[in-house]
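Take a look at the structure below.
The values are calculated or read from the model by the stated rules, or taken from the named source; none is laboratory data. This is a predicted model, so every value here is computed, not measured. Using ideal geometry, Cβ is built from the backbone for each residue, glycine included, and neighbour counts are taken over all protein chains shown.
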Amino acid sequence: MPPRSILESVRRRGPDSGGVQWRSARESITAMPMLSIRVISDVICPWCFIGKRRLERALGMLPDGIETEICWTPFQLNPGMPPEGIARKQYRTAKFGSWERSRQLDLQVALAGSGEGIEFAFARMERTPNTFQAHRLIRLARLEGVEHAVVEGLFQRYFIEAENVGDPEVLTSVANAAGIEAARARRFLDSEDGAAEVRAEEEEARRLGVSGVPFFVVGDRYRIEGAQPAEVLVETLLRASQNFP
C-alpha cells in the first residue's frame, strides 16, 4: 500500500448518501484499513477521463464497509512534447496519418464519453499541450489535500472547455478553483518544486510495465489496464477487498 502521505481522495458513503463523496486523506481518521487505488493517467488522455467516470460509478456500486483511497500517478503520453505544445491538428495528423482518421477516432471516443455523461469538445480544441506542469500541479494538490478537485478541473478545462492545460494561467486558475491560493500555485509552477518527484513517479509507472493509460493498481496487487466498464472495476475491487489487508 502506498504511503498515506501520497494518498488523497477518499471514498466515503454515509448512511444517507446514495453516491460517492470525496475528501482529503488528511481528514480521514479511522482504524479501518483503506484499500488503495492508484490511477496512472494523463490529463490529455480522453480514455482517462472516461476511466475516471467509470471508477466513480464503480465506487458507488461497492457495498458499505469498503473504504478506498485514490492516488493519481503521472504518465505523459507525449514526454517529448515541446513545452509550448503543438497545434492539435498538426500533431494528430502526424500521429494518425491523416486529419480524417483523427476525426474518426474522436467520434469513437465521443460516443464512449457520452455514455458516461462527458461531452468532449474535440472540435474546439486547438492545441495538444505538454502535461508535465499539470502533473506537477496535481502533486501540489495532493500535498494541499485537493488532488481530486484539481484532477477533475484539469479534465474539465481541457476536454469540456477546450482550454490549454499547459498554460500556466489556466493551471493557476484550476488550482485556485480547487482551493489553492493563486499566488501559491503560481510560485510553485514557476519553481522546480516537485519536478524530480513527478519524474520518479512516472519512471516507477514505466517500470511497472505501463505503456498506455488509464492503468489502475488496486491494493498494490491487482492491475486493470484501460478504461474498463464499471462492472469490471467493481469485480476487481471486491476481489481485492477480500484479500485485504
Completion exercise
Picked from segment 65-92 (must be assigned to a loop (DSSP other than H, G, I, E, B) and charged (D, E, K, R)), the residue nearest to the chain's Cα centre (by Cα) is GLU67
Exercise for the section: Say whether the condition of being aromatic (Phe, Trp, Tyr), farther than 16 Å from TRP47 by Cα and not in a loop (DSSP other than H, G, I, E, B) is met by at least one residue in segment 213-231. Expected result: yes
Completion exercise
Residues of segment 156-190 being closer than 17 Å to GLN76 by Cα and surrounded by fewer than 23 Cβ atoms within 10 Å (Cβ to Cβ), in sequence order, are ASN164, ASP167
Exercise for the section: Look through VAL198, VAL213, VAL218 and report the one residue that is in contact with a helix residue (DSSP H, G or I) (Cβ under 6 Å, 6 or more places away or on another chain) and farther than 30 Å from GLU161 by Cβ. Expected result: VAL218
Exercise for the section: State whether one or more residues within segment 93-107 are in a loop (DSSP other than H, G, I, E, B) and buried (at least 20 other Cβ atoms within 10 Å of the Cβ). Expected result: no
Problem - Single unsatisfied condition, GLY80 versus (1) farther than 20 Å from GLY113 by Cβ; (2) crowded, with 16+ Cβ neighbours inside 10 Å - result: (2)
Exercise for the section: Please list, ordered by first then second residue, the pairs with beta carbon atoms under 7 Å, 6 or more apart or interchain, first in segment 187-210 and among the acidic types (Asp, Glu), second at pLDDT 95 or above. Expected result: GLU197/ARG139; GLU201/THR73; GLU201/PRO74; GLU202/PRO74; GLU202/PHE75; GLU202/GLN76
Exercise for the section: Hey, could you check segment 111-168 for residues that are touching a residue at least 60 places away in the same chain (Cβ under 8 Å) and of a type in the set (Ser, Thr, Tyr) and say which is nearest to ARG53 (Cα to Cα)? Expected result: TYR158
Handout entry: Meets criteria (surrounded by fewer than 16 Cβ atoms within 10 Å (Cβ to Cβ) and under 25 Å from GLY145 (Cα atoms)) for ALA205
Key = no
